[in-house]
Structures are given as C-alpha cells and as structure tokens.
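Only one structure is covered here, and it is reproduced in the block below.
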Amino acid sequence: MESTSETDILFFCAHCSASLVVDSAAAGVTLDCQKCGKPTTVPSSSVVAAGEEAAKISDLQRQLKENESQRTEITGYINQHSIQLHRWQLRLQTLNERQKKLQTELAETSGRQPASPL
Ligand SMILES: [Zn+2]
C-alpha cells in the first residue's frame with residue numbers, strides 16, 4: 001500500500017474497490033477512479049481508519065474466497081480421480097478374470113502336449 005501523509009485521504013473506489021489516495025483538500029469531491037475511471041466520491045478524512053479496516057476485511061474476504069475456490073478445485077480432483085480409480089479397479093478385475101480364463105485355456109490346451117507349466 002502507498003504511504004500516506006497526515007493530510008492525505010485513503011479511500012476505496014465504490015465501483016472496483018481500488019485503494020485511492022488523495023489530498024484532504026479533495027474531501028467530498030467526486031473524482032474519476034484512477035483504476036476503473038468511474039466517478040467515485042472522496043470521503044472526509046475521518047474515514048481513513050475505517051478505510052484501512054475495510055481494506056483488511058476485503059483482503060481477508062479475498063483470501064477466504066481464493067482458499068474456497070482452491071478447496072473446490074481440489075475436492076473436484078479428488079472426486080474425479082476417485083471415479084477414475086474405481087473404473088481402473090473394475091478394469092483390472094476384468095483383466096484378472098480374463099487372465100485366469102486364458103491361463104486355464106492354455107493349461108488345458110498344453111495339457112494335451114508335453115509339460116508346459118502354468
Ligand atoms: Zn474504480
């Protein structure tokens with residue numbers, strides 16, 4: 001965050017929540033946001049502390065949201081891979097059964113000929 005002097009007002013754009021710093025002389029004036037260009041009103045200097053608090057709250061909310069979206073992503077991966085794992089297990093089971101069947105068939109066929117172990 002930018003450093004502010006005693007006379008500066010730190011506030012947040014009503015549209016994009018960008019943190020903006022202006023001279024206290026601009027209190028109550030409507031300015032175009034430096035980030036989104038939309039008009040936003042500069043509060044009185046008394047809002048500075050609340051603004052910092054609001055910045056922290058919005059930062060925490062952002063982190064929480066980011067954390068939540070990562071949780072959703074990972075949970076999705078786990079579910080997806082659980083389904084895939086189940087499919088592979090079924091496929092392996094099928095292959096095992098087929099292997100047994102083929103070995104049995106081979107043993108029966110080889111049985112008519114000299115020693116060919118399983
Ligand atoms: Zn803005």
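The values are calculated or read from the model by the stated rules, or taken from the named source; none is laboratory data. Bear in mind the structure is a predicted one, so any value in this text is a computation, not a measurement. Virtual Cβ from ideal backbone geometry, glycine too; neighbours counted across all protein chains shown. The protein model used for the area step is the full one, side chains on, heavy atoms only, and it has no ligands, DNA or RNA in it. Shrake-Rupley method; radii C 1.70, N 1.55, O 1.52, S 1.80 Å.
Assorted remarks:
- Test: residue in segment 59-76 that is within 33 Å of the chain's Cα centre (by Cα) and touching a residue at least 12 places away in the same chain (Cβ under 8 Å): no
- Some residue of segment 49-69 being in contact with a Ser or Thr (Cβ under 9 Å, 6 or more places away or on another chain), acidic (Asp, Glu) and open to solvent by less than 90 Å² (accessible area, probe 1.4 Å): no
- Flag for residue 68 being under 30 Å from residue 12 (Cα atoms) and modelled with pLDDT of 95 or more: yes
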